[in-house]
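Colleague: If you scroll down you'll find the structure; I have some questions about it.
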Amino acid sequence: MNRKVGIWMYQNGGGDVIEQKMIAKFKERGIECVTGLDLRFAEVHNGAMMCKGTNMLELDLFFSYNAGEQTGGQVYMYEILNDFVTTVNSFDAFKLSEDKLRTNMRLHSKGIPTTEFFICHRESDLEHIYDRIERWGKMVFKPVDGWGGAGMALLNNRENFDMLLPFVHQMHLRNIYVEKFINYDFSDYRIDIVDGQFVGCYGRKASGRDWRTNVTAGGKVILREPNDEVVNLAIQASKAMGMDIAGVDILYDLDKETYTVLEINGIPAFATPDQEEMGLNFNDKKIDLIVDMIDRKSQGKTA
């Protein structure tokens, strides 16, 4: 019996082309693909989860790769589906990577260097926050589940933090999460890992008007040669998180003179056509590694 894999893949930035290349490679292996399976349209009745005419529980594997269109409802269905069908990434790994505190706690427990971090309830004694501002000099406020640099703020005194408090209450954030600001050269490394193997590396550089390297915050993608240290660090971080696919963001701490893992992305984008033209050439390798991994992982039900 042929295997059937469900896919929800982002379509912008060349994602549609990447998806078609994957489908062709799966077809060569006798694996049928059902695409466009956005779980926010899924309905569950008794023993079936139907999404656009497909019973998701009959799939051999579900590959979710669309960060930009995630919704709370989609994520909830993803969690349910994970109990019955192999998913890539697993829901547990995906959910862990979406939470900055849990990610740093996991990495710290495995001895992987991260920035210093602190969290407290918004109604706690704010002297704990003020104390860290004084000790750290600079710190970064982050929503624990934000991405793309959204909601982040650089704080270097009490006044900055006090101005932030109305936003915390307006957004109904229960906790205040901050990280010590890393003194760095305003560029980073993004290391892509698939199935425990190195895929590719590029960098991002802040615009000069902003301290963030995120492209959504004005940063730009740059070519960057990896070294063994950042590659091994990224592989270790991905393994510690239990992730099949990971994009590991790494900074060089100028004060400590060491590399530090800043964040881990569970849905690292492929290189766009423009980025391929500038020299990012890892897409084919990434496709092959993902197809090989899904081929192996999807054999559980039908083997």
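The values are calculated or read from the model by the stated rules, or taken from the named source; none is laboratory data. No experiment lies behind these values; they were computed from the predicted model shown. All Cβ positions, glycine included, derive from the backbone under ideal geometry; neighbour counts span all protein chains shown.
Colleague: Does Asp255 meet the test of being in a helix (DSSP H, G or I), at negative phi and not polar (S, T, N, Q)?
Modeller: no
Colleague: Which of (1) polar (S, T, N, Q); (2) surrounded by fewer than 17 Cβ atoms within 10 Å (Cβ to Cβ); (3) at pLDDT below 95 does Gln197 not meet, given it meets every other one?
Modeller: Status for Gln197: all satisfied but (3).
Colleague: Considering only strands (runs of 3 or more DSSP E) fully contained in the range 1-66, which possess at least 3 residues that are among the hydrophobic types (A, V, I, L, M, F, W, C) and either in contact with a strand residue (DSSP E or B) (Cβ under 8 Å, 6 or more places away or on another chain) or assigned by TED's automatic domain parsing to the domain that holds Ala271 (or both)?
Modeller: Answer list for the range 1-66: 3-9, 31-34, 48-51, 61-65.
Colleague: What's the number of the only condition in (1) touching a helix residue (DSSP H, G or I) at 6+ places or on another chain (Cβ under 6 Å); (2) hydrophobic (A, V, I, L, M, F, W, C); (3) touching a residue at least 60 places away in the same chain (Cβ under 8 Å) that Met152 fails to meet?
Modeller: So Met152 meets the others, but not (1).
Colleague: Scan the range 182-202 residue by residue and report those that are part of a loop (DSSP other than H, G, I, E, B) and touching a residue at least 60 places away in the same chain (Cβ under 8 Å).
Modeller: Answer for the range 182-202, where residues must be part of a loop (DSSP other than H, G, I, E, B) and touching a residue at least 60 places away in the same chain (Cβ under 8 Å): Ile182, Asn183, Tyr184, Asp185, Asp195.
Colleague: Testing Asp210 on (1) over 21 Å from Lys95 (Cβ atoms); (2) in contact (Cβ under 8 Å) with a residue 12 or more places away in the chain, one condition comes back false. Which one is that?
Modeller: It is condition (2) that Asp210 fails.
Table: residues versus (1) among the basic types (Lys, Arg); (2) within 17 Å of Ile267 (Cα to Cα); (3) out of contact with any helix residue (DSSP H, G or I) (no Cβ under 9 Å at 6 or more places or on another chain).
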| site | (1), (2), (3) |
| --- | --- |
| Val5 | no, no, no |
| Ile18 | no, yes, no |
| Met22 | no, yes, no |
| Lys25 | yes, no, no |
| Glu32 | no, no, no |
| Asp38 | no, yes, no |
| Ala42 | no, no, no |
| Cys51 | no, no, no |
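Colleague: Checking the conditions here, which among Ala246, Ala234, Ala217, Ala240 is free of Cβ contacts under 8 Å to residues at least 60 places away in the same chain, among the aliphatic types (A, V, I, L, M), within 22 Å of Thr115 (Cα to Cα) and not assigned by TED's automatic domain parsing to the domain that holds Leu61?
Modeller: After applying the criteria, what remains is Ala234.
Colleague: Let me ask something else. Is it true that Ile18 is β-branched (Val, Ile, Thr) and farther than 22 Å from Ser238 by Cβ?
Modeller: No, not satisfied.
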